[in-house]
Amino acid sequence: MGASDRKEKEKEIRRNDIIDAAEKVIFSKGYDIATMDDIAKEAEFSKRTVYIYFNSKEQLYFEIMVRGYKILIEKIESYLSNLKDKNALDRIKQMGRTLYDFNNEYPDYFNAIMSYENGEKDFTNGIPDKSREECYALGERLFAYLTSALADGIEEGVVRREIDIVNTAFVLWSCIIGLFKILTKKSNYIQYYHNRNSEAVLLEGLEMLMMMIQI
């Protein structure tokens, strides 16, 4: 390994160390309370060093979301690869179940992504185009699984032909996110007052959504 390659590798290691520190701080304190001073202290770097690699807390937040998106996409692709013989409706329902599993396994990443999905952080100052575009690309990749499944469903004759695929995908995604928001924040209430399991409610909710689009 030449000196140039070694230097680049060291920079990448340091960059990842800073993102690791940002995760710990933001996940424990919350995005609004966490500061770049906190992140620098956790990373054991000077604040000046942190700013060499990242120009804002907002940029670091996007880097954290990128990690989360990549894990989620890997899980979805793994599940969908086992459903090649299933119809489009089954694949869409599996996407919802995968989101549920992702939330249980990686709640901090899930909350980071959902906060982004329900906010306007992509229009915040201090986020370089590269960081923003990588998040956009990964988000669109997820969205493409849904639009592709809807298009396949129309061809398979299981999804209503008259729907607008993109509009329907937005509605389905919004409904699923809303359902997740209620089920995660009110799971104890739902169990205590209504004697309902959140996962069972989710599965029934997915069935209801499928009834809206299926033939």
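The values are calculated or read from the model by the stated rules, or taken from the named source; none is laboratory data. Fair warning: this is a prediction, and the values are worked out from it, not measured in the lab. Neighbour counts are summed over all protein chains in view; Cβ atoms, including those assigned to glycine, are modelled from backbone coordinates with ideal geometry.
Name the residue, out of VAL159, VAL171, that is more than 18 Å from ARG97 (Cβ to Cβ) and surrounded by 16 or more Cβ atoms within 10 Å (Cβ to Cβ).
Result of the check over VAL159, VAL171: VAL159.
Conditions (1) under 12 Å from LEU209 (Cβ atoms); (2) over 14 Å from the mean Cα position of the chain (by Cα), marked per residue:
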residue: GLY139; (1), (2): no, no
residue: TYR145; (1), (2): no, no
residue: ALA151; (1), (2): no, yes
residue: ILE154; (1), (2): no, yes
residue: GLY157; (1), (2): no, yes
residue: ARG160; (1), (2): no, yes
residue: ASN167; (1), (2): no, yes
residue: CYS175; (1), (2): yes, yes
Residue among LEU99, LEU89 that alone is touching a helix residue (DSSP H, G or I) at 6+ places or on another chain (Cβ under 7 Å) and at pLDDT below 90:
LEU99
Restricting to the stretch 108-153, name every residue that is touching an Asp or Glu at 6+ places or on another chain (Cβ under 9 Å), modelled with pLDDT under 85 and of a type in the set (D, E, K, R).
LYS121, ARG132
If you go through the stretch 44-62, how many residues are among the small types (Gly, Ala, Ser) and under 22 Å from CYS135 (Cβ atoms)?
1
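Residues checked against (1) in contact with an Asp or Glu (Cβ under 9 Å, 6 or more places away or on another chain); (2) assigned by TED's automatic domain parsing to the domain that holds GLY139; (3) not polar (S, T, N, Q):
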| residue | (1), (2), (3) |
| --- | --- |
| ASP17 | yes, no, yes |
| PHE27 | yes, no, yes |
| GLY30 | no, no, yes |
| MET36 | no, no, yes |
| GLU42 | yes, no, yes |
| PHE45 | yes, no, yes |
| ILE64 | yes, yes, yes |
| GLY68 | yes, yes, yes |
| LEU72 | no, yes, yes |
Selection within the stretch 44-75 - aliphatic (A, V, I, L, M) and buried (at least 21 other Cβ atoms within 10 Å of the Cβ)
VAL50, LEU60, ILE64, MET65, LEU72
Please verify whether the stretch 155-164 includes one or more residues that are touching a Gly at 6+ places or on another chain (Cβ under 7 Å) and not polar (S, T, N, Q).
yes
